Amino acid sequence: MAQGASHAPGLRERRARAKRRWRSSLGDVAPVLAIFLGTLALLIILGLLLPDPETILEEDLIALLFTCSLLVLGGLTWIALHRREDEPILGQRFAGRTAGSQLGLVGLGLAAGAAALALNLAWMLPLGRALGEAMPSFAIPEAVGFALLATAVGPAIGEEFAYRGVLWSGLARHLEPVALIVTTATLFSLVHGLNGGGFMELPPRFLLGLVLGWLRWRTGSLTPAIAAHFSNNALAVFLGS
């Protein structure tokens, strides 16, 4: 009887530890559902409220509205699921773990984003030519400042905060670096593919997601990922692609 009683506390303790681990895992994985499904919901809502934009300016306005909504979604998700003293919401995520200065991290990101766009264009242009699509050419768009704000600055901050910030931190406890980079890149590309781009949108966004994830992992900072996302999108604005 005494022996059975001695085993009971140990069993209860193991069950309590297992329950705590399960709750912790749920709290870490929940951002995946919150960010991914929340992004899809935002796309559906904006598509219903603002269907078929007729001008580039209207498209940019929708893009900016989506980015602002994504920032709110990411912030609320972090507050609800990741309020941990050892994981400040942005502070050390911008500083990173490398010895390089912020200027160096920005430079690395800008170069990586431009390289990612060049790689994507290297295979997209021949494919587009074969399909009879119009080839992109350098041009300064109307309302260039607003275009850059809506399609480069906004997405760089909003999407990186959501995907390489909140979602990344939720998965980092459960995935090895390669799996973490591939998973976040896959979710990132799927969302863009479902945003009217279709299949053609998936490969370039996946490649960009891999580059952004590598920067996030290699430096431990959001700074180069944001810079890379900005340079990629900004150059695409002037290429009309």
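The values are calculated or read from the model by the stated rules, or taken from the named source; none is laboratory data. Quantities reported herein were computed from a predicted structural model and do not represent experimental measurements. All Cβ positions, glycine included, derive from the backbone under ideal geometry; neighbour counts span all protein chains shown.
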So which helices (runs of 4 or more DSSP H) stay within the stretch 152-227 end to end and still have 1 or more residues that are modelled with pLDDT under 85 and not small (Gly, Ala, Ser)?
168-172, 177-192, 202-219
Name the residue, out of SER169, SER221, that is hydroxyl-bearing (Ser, Thr, Tyr) and surrounded by fewer than 21 Cβ atoms within 10 Å (Cβ to Cβ).
SER169
Checked against (1) surrounded by fewer than 18 Cβ atoms within 10 Å (Cβ to Cβ); (2) more than 15 Å from the chain's Cα centre (by Cα), LEU148 satisfies every condition except (1)
State which residue pairs qualify: first residue within 15 Å of GLY209 (Cβ to Cβ) and inside the stretch 227-241, second residue surrounded by 18 or more Cβ atoms within 10 Å (Cβ to Cβ) and of a type in the set (D, E, K, R) in any location, beta carbons under 6 Å apart, and separation of 6 or more residues or different chains.
HIS229/GLU160
Just to be sure, is ARG12 of a type in the set (D, E, K, R), at pLDDT below 70 and in contact with a Gly (Cβ under 8 Å, 6 or more places away or on another chain)?
no
Among the listed residues GLY47, GLY38, identify the single one that is in a helix (DSSP H, G or I) and modelled with pLDDT of 75 or more.
GLY38
Reported set for the stretch 62-87 where residues are at pLDDT 75 or above and surrounded by fewer than 16 Cβ atoms within 10 Å (Cβ to Cβ) is CYS68, VAL72
State whether the residues of the stretch 110-125 include one that is farther than 23 Å from THR223 by Cα, modelled with pLDDT of 70 or more and surrounded by fewer than 14 Cβ atoms within 10 Å (Cβ to Cβ).
yes
Could you give every pair whose Cβ atoms fall below 7 Å, whose first residue belongs to the stretch 106-133 and is of a type in the set (Lys, Arg), and whose second residue is at pLDDT below 90 and outside any helix (DSSP H, G or I), counting only separations of at least 6 or pairs across chains?
ARG129/MET135
